[in-house]
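The values are calculated or read from the model by the stated rules, or taken from the named source; none is laboratory data. Nothing here was measured: the structure is a model prediction, and the numbers come from that model. Cβ placement follows ideal geometry from the backbone for every residue including glycine, while neighbour counts extend to all protein chains displayed.
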Amino acid sequence: MKGKKALSLITSLAIVGVLLSGCGSGSTPGAPSGAAKATFKDGMVTDVGGINDQSFNEGAWNGLQKFGQKNPGVQVKYLESSQSSDYSPNLNQFASNNYNLVWAIGYLMADAVKASAKAYPKVNFAIVDDSITPTPSNLTCVLFRAQESSFLVGYIAALKTKTDKVGFIGGVPGTVIDEFEYGFRAGVAYGAKELGKNISVNVQYANSFSDASLGKAIAQHMYAQGADIIFAAAGNVGQGMIAEAKAENKLCEGVDMDQAKLAPNNVLTSALKNVNDAVELISQDVKEGKKVGGQTISYGLKDGGVGIPYTAQAIKMCGQDVIDKAKKVQQDIIDGKIVPPYNKATYNKYLTTLK
Amino acid sequence: MLISILLAVSITLMYAAPLMFAGLGGVISENAGVVNIGIEGMMTIGAFCGAAVGYFSGNPWWGFAAGGLSGGLLALVHAVASISFRADQTISGVAINFIGPGLALFLSRKLFAGSAMTKPVEHPIPTIFGSYAAKSSNLLIKAANIEMTVPIVFICALVLWFVLYKTSWGLRIRSVGENPAAADTLGINVYKIKYVAVFVSGVLSGFGGATMTLAVMNYFTQSTISGQGFIALAAVIFGKWKPHGTMAACLLFGFAQALVVLLGGSNSKIQIPSSLLSMLPYVLTLVSLVLFVRHSTAPKADGIPYVKGH
């Protein structure tokens, strides 16, 4: 029985160790500490995705690092959260260490950052992908007009489809994914009108952001029904779609980051969310003493907060003519000639303007 | 219509294959009297090693084998803790579920330049019709073009069933799970049987994980394995701790998911709200559990550490 007790002790210690190792302290790579005394301290707290999530957190950290490199005397640091109960302690750890700006990456941290902003009125906070109303005067909310990049992605799909059928796979329905869905559908409708034909969009929600098998199955079904290009805004579910596109040698469109490297012959384009640019811009503003708190800042094509890749790879996949047309549409959106819809009501209204 | 049926079958099999591997792993471990909560962790490490070895070697079958081996090795940790040191099997299993993803992440960052995801595997596990289906315009062939892992999992199930019920080895495994003391007096090496069963359980779970990264997808991310291990565990109980029952349970779950996919979508004839539709697999599972399974009894000594001479 002695062995059993000792082992349970070791096991529980192991569990505690694993739990602790995920969260909190000890993650300061890239911080130019040891240099001259930091004049501006900028910290970010990741959500449960972790710092290397190939998405939001990683993008934000890249932006922060760039900000740190450009500005001598700036200290940047991140803390990883391994579970939602880490959010508040992590945010408060930065705030109590007199950080000038503290980033909360992801809407999951909305409640935590609201509480921290109240507890530390002298510290600037910023949250990505959520709008908190009323906004505390020391909190900046950062949103992305994903409908604008989705519109371009939909427009490209309309120009490239040969079957006149395209698909959209959504994660869990909600306002953020609505922007992708209706932006995409509007873009398809715009392209279809330009070409003078009808293109149908098959929309299906996976009700999951994680089940890749489900994404693969939905893509398989959509391709079997004749769609030849599918766009997914569904996290890991979308990765199942990319795998299916590769297996069937069909086309698809990625999201958040340039997903072309996952299937270079199948990913046509991606609806990018450039969290890094937003983080860098706002950090710069706060450093220069600009008043950015108490408001919601929304980034779109105009300021490069969202977009599509114009890389050699994208030109190879889409063709120079399609890329040129997409650039023209992008300019129209920037100039306000086209206002992409972001939900069902605005989409229906948008359709009437097309006729 | 035929295409829809074939599509339903192929989606069912695609969805269920990783679950079936892991479920079979659960069956053999629990039949030898060791509760294996750690399937999820073993699947995760198997998924990572499958993708990593598949990427570096360029051969999916090496990756698949490595996935199984890594799952087996992680299972040995569970075996040492729960068999030799008689630790609580649930706690040890939970620890495995932390170690698996943690180790996978650590290795991924080491091997893939700090990234939490592996690079895509150049050659995934082939499908039964291979490149012929991609060239063919025949929709039937496309719909029936399942991954090679599907026939493999059925062969594994057949072998496991045969071993468990038709060989003396299987009788020993089951006797160890039912009454280890009696088995011991008959000269069966209880510890050895349990060790082998847990190792094989890990290998099968690792295969399940590698199926996700080499057949369903073609690379590993942190969320590749998100709950499949627990669904497999439920399938073991649903299937009354028998290989065929567990296979059926996984297939039922996969079929329900296929229905969700085929009935969903904005150009489906009947419009059902997607959030309701997504409940279908769980509701179906619950209903069939109540209607058809009712009594599901675990092996008598399942979860109880065996102490020689007590």
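Brief remarks follow.
- Boolean, A:LYS246 is farther than 22 Å from A:LYS344 by Cα and not in a loop (DSSP other than H, G, I, E, B): yes
- Residue in region A:81-101 that is modelled with the lowest pLDDT, counting only those that are part of a helix (DSSP H, G or I) and more than 9 Å from A:VAL45 (Cβ to Cβ): A:SER84
- Test: residue in region B:206-221 that is within 11 Å of chain A (Cβ to nearest Cβ) and farther than 22 Å from B:ILE152 by Cα: yes
Every residue, every condition in (1) at positive phi; (2) buried (at least 18 other Cβ atoms within 10 Å of the Cβ); (3) of a type in the set (S, T, N, Q); (4) in contact with a strand residue (DSSP E or B) (Cβ under 8 Å, 6 or more places away or on another chain), yes or no:
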{"position": "B:ALA197", "(1), (2), (3), (4)": "no, yes, no, no"}
{"position": "B:VAL216", "(1), (2), (3), (4)": "no, yes, no, yes"}
{"position": "B:PHE220", "(1), (2), (3), (4)": "no, yes, no, no"}
{"position": "B:ALA249", "(1), (2), (3), (4)": "no, yes, no, no"}
{"position": "B:PHE253", "(1), (2), (3), (4)": "no, yes, no, no"}
{"position": "B:GLN257", "(1), (2), (3), (4)": "no, yes, yes, no"}
{"position": "B:TYR282", "(1), (2), (3), (4)": "no, no, no, no"}
{"position": "B:ILE304", "(1), (2), (3), (4)": "no, no, no, no"}
{"position": "B:VAL307", "(1), (2), (3), (4)": "no, no, no, no"}
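- Residues satisfying the stated conditions in region A:336-353, i.e. touching a residue at least 24 places away in the same chain (Cβ under 8 Å) and either on the phi > 0 side of the Ramachandran plot or in a helix (DSSP H, G or I) (or both): A:LYS344, A:THR346, A:TYR347, A:TYR350, A:LEU351
- Matching residues, region B:1-31, being assigned to a helix (DSSP H, G or I) and free of Cβ contacts under 8 Å to residues at least 12 places away in the same chain: B:ILE5
- Restricting attention to region A:48-58, the residues being more than 17 Å from A:LYS273 (Cα to Cα) and at pLDDT 75 or above number 1.
- Note on region A:222-236: residues that are more than 8 Å from chain B (Cβ to nearest Cβ) and farther than 22 Å from A:PHE151 by Cβ amount to 2.
- Taking region B:110-134 as the range and being at pLDDT below 85 and touching a strand residue (DSSP E or B) at 6+ places or on another chain (Cβ under 7 Å) as the test, only B:ALA133 passes.
- Pairs are defined by a Cβ separation below 7 Å, a sequence spacing of at least 6 or placement on different chains, a first member in region A:208-221 that is more than 7 Å from every other protein chain (Cβ to nearest Cβ), and a second member that is of a type in the set (D, E, K, R) and part of a helix (DSSP H, G or I); the pairs so defined are A:ALA219/A:GLU244.
- Filter result for A:LYS250 (within 13 Å of chain B (Cβ to nearest Cβ) and farther than 26 Å from B:MET279 by Cβ): yes
- Annotation: of all residues in region A:260-295 being part of a helix (DSSP H, G or I) and farther than 30 Å from A:PRO121 by Cβ, the one that is modelled with the highest pLDDT is A:ALA260.
- Residue selected from region A:160-185 under the condition surrounded by fewer than 24 Cβ atoms within 10 Å (Cβ to Cβ) and hydrophobic (A, V, I, L, M, F, W, C), by the criterion farthest from A:TYR347 (Cα to Cα): A:VAL172
- Top-ranked residue in region B:94-132 [being in a helix (DSSP H, G or I), over 19 Å from the mean Cα position of the chain (by Cα) and facing chain A (nearest Cβ under 7 Å); ranked as surrounded by the most Cβ atoms within 10 Å (Cβ to Cβ)]: B:GLY102
- Restricting region B:156-171 to residues that are in contact (Cβ under 8 Å) with a residue 60 or more places away in the chain and farther than 19 Å from B:LEU186 by Cβ leaves a set whose member that is surrounded by the fewest Cβ atoms within 10 Å (Cβ to Cβ) is B:TRP161.
- When A:ILE132, A:ILE127 are checked against the criterion of being part of a strand (DSSP E or B), among the aliphatic types (A, V, I, L, M) and assigned by TED's automatic domain parsing to the domain that holds A:VAL286, a single residue qualifies: A:ILE127.
- Residues being under 21 Å from the mean Cα position of the chain (by Cα) and either within 7 Å of chain B (Cβ to nearest Cβ) or in contact (Cβ under 8 Å) with a residue 40 or more places away in the chain (or both) - total across region A:197-207: 4
- Residue within region A:138-146 that is among the small types (Gly, Ala, Ser), crowded, with 18+ Cβ neighbours inside 10 Å and without any contact (Cβ under 8 Å) to a residue 60 or more places away in the chain present: no
- Restricting region B:224-242 to residues that are β-branched (Val, Ile, Thr) and part of a helix (DSSP H, G or I) leaves a set whose member that is nearest to the other protein chains (Cβ to nearest Cβ) is B:ILE231.
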